[in-house]
Structures are given as structure tokens and as C-alpha cells.
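Chemist: Quick one: the structure is below, questions incoming.
The values are calculated or read from the model by the stated rules, or taken from the named source; none is laboratory data. Computed from a prediction, not measured in an experiment: that's the story for all the values here. Cβ placement follows ideal geometry from the backbone for every residue including glycine, while neighbour counts extend to all protein chains displayed. The accessibility values were calculated without ligands, DNA or RNA, using every heavy atom of the protein model including side chains. Shrake-Rupley method; radii C 1.70, N 1.55, O 1.52, S 1.80 Å.
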Amino acid sequence: MWVFWVLVSLVVVAWGTAAWVQTLKTKFEHTSESKLLLLVVALIALALAWQTARMFGPGWSVKVQAVAALGVGTVYFDILSIALVSIWKAILTLDIDETISGLEEEEEGLRRKLDSLRYGRFVGDVMGGAGGPVYPVTRVEKVEGPDEEISRLRRIVNRWVESAGMTRVRALKLESWKEEYARMSLDELVREKRRLGEERPTEQAFREQTEVRIALIEIEILSRRARRVDTEGAVSSPGDRSSASSTRPLEGGGEESEEQLRRRLEEVSRQVARARAEKEAFLRRKIRLSWRERR
């Protein structure tokens, strides 16, 4: 039975070696450097195979040991040559890999900055009036209206965001709702508030979420009514005008900074895609194995 498995192993090794040798011939352009190194690898493989044959068959004749060493040496050569070529390809593409790595680090840093900027702006808008924790804020929006009611509503939002250890996830969800409600008309907001009020979710998590969404709608309605009153006839005091003028550049600057980060992120993403495509194109074509050539 063992003879059968030996024959099967020899067939598999022979097939694998033939396929690898064909790859070496067609996929790579060899130079004197690569030929010399492959010869050295072949000699090392035969030496290791001879030692292996002598160790496992000390009582075998020299001819049997030589045949065994030839078969084992073929396996060693395949393994060592594959490792050699893989390292060679990695060295040839080292420059472009470093470029890709640097661009990916920059891309990740820009994404973190954008996330932090959006998150900080959102928390400043929604939670800033609730006396909650201080977060980096890039835009200040002055909201006038019934201060006590707005403070009560923001405390509802604040408690929900800070609970369950999911501050960031819930804050991003709140930002999405806030943007949705900002696009609605007053009539649509009233209808949405009525619809949410008619819902009777059974789970506690959904009940809290509905309460927060209603609070956001009420904040949006109160803010719009306050702005409309101010536009129709309220006359700002000099202190109010100075406060508004001091916050307006901050808002514009924050938006401009975010837009610049977004444009830079898009450019870096395109550069990463181009670099990866260049590497793939290099690896697809016939590779010249020479230490003097680098990507």
C-alpha cells in the first residue's frame, strides 16, 4: 500500500515542479543574477535532500539514497525558489509599496479628521446647550427661543446619546436625523411629530429613540419660529451683533476646512487607486529579475 502512496506523491511533486518551472520560464525574465541564485538554491536543495535521505535511510544503498535525495531535493528546490522569487518581487515593488503605505496612512488620518470634525460640529449643535461634556466644536449656531424648553429637550437628547456606551454611534445617528428634519417644512415637521407620537413601540430602546426624535423635531420647530420672529422685526442689540459676527467666521471657516479635507481625501484616494493599479500592472507583465531594477 505504501508503494501506491509513494507513487502518488511522486506524481504530485513532478506535476507541481513542472508547473513551477514553466512559471519561472514564462513569467520572469532571467538575468545572470537570477540564474546564479537559482543555481545556488538548487545546490542547497540537493545538499539538504542528501542529508535528509541519509538521516531517514542510513541502511539504504547509495543508489537508493541518491534517488530519494533527488525526489526530496525537488521539493526543497520548489519551496526555496518560490521563497526567493517572492522576496525578489517584494524588493522590486518596495518603492511603490512604501508609497501606497504612506498614502493609506494619510487617507486614514484624513478620514479620522473628517469624522472628528463632523462629530464635534454635531455635538456642538445638538448638545452644546444641555450643559453636557465639552467636545471639539468647529461651528457655533446661535439658537434663540424659549430657553427652558430647549434646554429640557436637549437634556433628553444628551441623556440618550451618553447612555449605553454608544456615544459616537448615537451621535452620528442624531446628525442624520437632524439633517433630515432640517430639509422638512414646518407642516412636514408637525406631521412627522404627530406620526411618531402615535407610535407605541414595545421595546424600551425604540421608545427612547422615538422620544429623542420628537425632541429633535421640537428643537427644529422652536428654532425656526425664533428665527422667523427675529427676521420679521426684532432689532438686535450691539452686543448681539458682535456675537453674531464673531460666530459667523467660525462657521464659514469650519465648513471651508471640512471641504478642503474632503477634497484632499478624494485626491489621496485616487492616488492610492493609481498606485495599486500600477503595482498590479507591473506584477501582471513579465518581470525582469535584477537587483538593479526597482519599481
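Chemist: Evaluate the following for L10: is it in a helix (DSSP H, G or I), of a type in the set (A, V, I, L, M) and under 30 Å from R285 (Cα atoms)? Please lay out each step first, then the result.
Modeler: Numbers: in a helix (DSSP H, G or I): yes; of a type in the set (A, V, I, L, M): yes; under 30 Å from R285 (Cα atoms): no.
No.
Chemist: Run I100 past the list (1) β-branched (V, I, T); (2) open to solvent by 70 Å² or more (accessible area, probe 1.4 Å); (3) closer than 20 Å to A281 by Cβ and report the number of the one that doesn't hold.
Modeler: (2) is the only condition that I100 fails.
Chemist: Shifting gears a bit: Pull up region 56-84, narrow it to residues that are at pLDDT below 90, open to solvent by 80 Å² or more (accessible area, probe 1.4 Å) and among the hydrophobic types (A, V, I, L, M, F, W, C), then point me to the one that is nearest to T17 (Cα to Cα).
Modeler: L70
Chemist: Quick check on this structure: which one of A90, A47, A53, A66 is assigned to a helix (DSSP H, G or I), closer than 28 Å to R270 by Cα and without any contact (Cβ under 8 Å) to a residue 24 or more places away in the chain?
Modeler: That would be A90, the only listed residue that is assigned to a helix (DSSP H, G or I), closer than 28 Å to R270 by Cα and without any contact (Cβ under 8 Å) to a residue 24 or more places away in the chain.
Chemist: Can you tell me which residues in region 25-46 are in contact with a strand residue (DSSP E or B) (Cβ under 9 Å, 6 or more places away or on another chain) and of a type in the set (A, V, I, L, M, F, W, C)?
Modeler: Taking region 25-46 and keeping what is in contact with a strand residue (DSSP E or B) (Cβ under 9 Å, 6 or more places away or on another chain), we get 27-31, 34.
If the condition is that a residue be in contact with a strand residue (DSSP E or B) (Cβ under 9 Å, 6 or more places away or on another chain) and of a type in the set (A, V, I, L, M, F, W, C), then F28 is the only one that fits.
Chemist: Look at I214 and say whether it is hydrophobic (A, V, I, L, M, F, W, C), modelled with pLDDT under 85 and under 22 Å from S176 (Cβ atoms).
Modeler: On the way: hydrophobic (A, V, I, L, M, F, W, C): yes; modelled with pLDDT under 85: no; under 22 Å from S176 (Cβ atoms): yes.
So I214 does not fit the description; no.
Chemist: Just to be sure before I move on: is L103 of a type in the set (A, V, I, L, M), in a helix (DSSP H, G or I) and touching a residue at least 60 places away in the same chain (Cβ under 8 Å) in the structure I sent? Walk me through it before giving the result.
Modeler: Details: of a type in the set (A, V, I, L, M): yes; in a helix (DSSP H, G or I): yes; touching a residue at least 60 places away in the same chain (Cβ under 8 Å): yes.
It is true that L103 is of a type in the set (A, V, I, L, M), in a helix (DSSP H, G or I) and touching a residue at least 60 places away in the same chain (Cβ under 8 Å).
Chemist: Still on this structure, I have one more. If you go through region 165-191, how many residues are in contact (Cβ under 8 Å) with a residue 24 or more places away in the chain and over 28 Å from L117 (Cβ atoms)?
Modeler: Looking only at that region, the number is 2.
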